[in-house]
Amino acid sequence: MDVKTGFFYLFSVVLLFAAFRVITARNPVHAVLYLMLAFSQASAVWLLLQAEFLAVVLVLVYLGAVMVLFLFVVMMLDLNVDSLRQGFWKHFPLAAAVGVVIALEMAYVLMGGFFRQMPAVAQTAASQVSNTKALGILLYTEYLYPVQIAAVILVVAMIAAIALTLRARKDTKFVHVDDQVKVKARDRMAVVKLAATQPAPAPAPPAETAPTAAAEKKA
């Protein structure tokens, strides 16, 4: 076993351990940290496979942006873990069945990909260009439809997450867009008719002043 194979097994073992701890850690912050460790080990595996572009993107996008955002959100939300774990064993059989189905599907896809030969056109293109360009050629030629399907699924998941978590607050003022579009000028402004000119008010009679102190002395 050479050095490259040894590093591959080392990174793979740490990756599997970190992925297992992500779903078993009791503290959400620890789970996020283990997920960051898993991404770093996956990036190292990409480097061993000479896919530098994927490794750098994994570090910059996920470790540098997404996971830091996750960490800040988890730390600021102050989640109550005990309330989240209520009913865990109630839904465990269904979750385990779904997990087994997903694992079997992934095994079927991966094993089929291992034994399938790359097309001659793709091999020729991959041998003549860099790995970044070869990845782009594969994504937008052979795997064009899977990429588009994955993009649609991600958009649907994002919309579903927003729809499930969005709650209307009673203490905020909200105006429907339809009401704003259908509004008329008379609904926003009231015209009050006033007379053009009005007579000036009569001057008030001068008030009688009390006698001054000098007039009292003369008297």
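What follows draws every value from the coordinates through simple rules; no lab data is involved. This structure is a prediction, so every number in the text was calculated from the model and none was measured. Here the Cβ positions follow ideal geometry from the backbone for every residue, glycine too, while neighbour counts run over all protein chains shown.
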HN-Hα J in Hz across the range 2-9 - Karplus 6.51, -1.76, 1.60, θ = phi - 60°, x for Gly and Pro = 7, 5, 5, 5, x, 5, 4, 5
message = Under a crude label model (7 Å from the Cα following the beta-carbon direction), how far is residue 141 from residue 194 in nanometres?
response = 7.8 nm
task = Can you tell me the relative contact order of the range 1-80? Whole percent, Cα pairs under 8 Å, sequence separation 6 or more.
result = 28 percent
key: Gyration tensor verdict on the range 1-111 (Cα atoms; rounded if a/c is under 1.5, prolate if a/b is larger than b/c, oblate otherwise)   = oblate
note = In this structure, the FRET efficiency calculated for residue 157 and residue 110 from their beta-carbon separation, with R0 = 22 Å, to the nearest 0.05, is 0.50
request  = List, in order, the whole-Hz ³J(HN,Hα) value for each residue of the range 15-32 obtained from phi through the Karplus relation with A = 6.51, B = -1.76, C = 1.60 and θ = phi - 60°; use x for Gly and Pro.
outcome  = 5, 5, 5, 5, 5, 5, 6, 4, 8, 10, 5, 7, 8, x, 5, 5, 4, 5
task = For the range 131-140, just list the computed ³J(HN,Hα) in residue order, Karplus coefficients 6.51, -1.76 and 1.60, θ = phi - 60°, integers in Hz, with x standing in for Gly and Pro.
result = 5, 5, 5, 5, 5, x, 5, 5, 5, 9
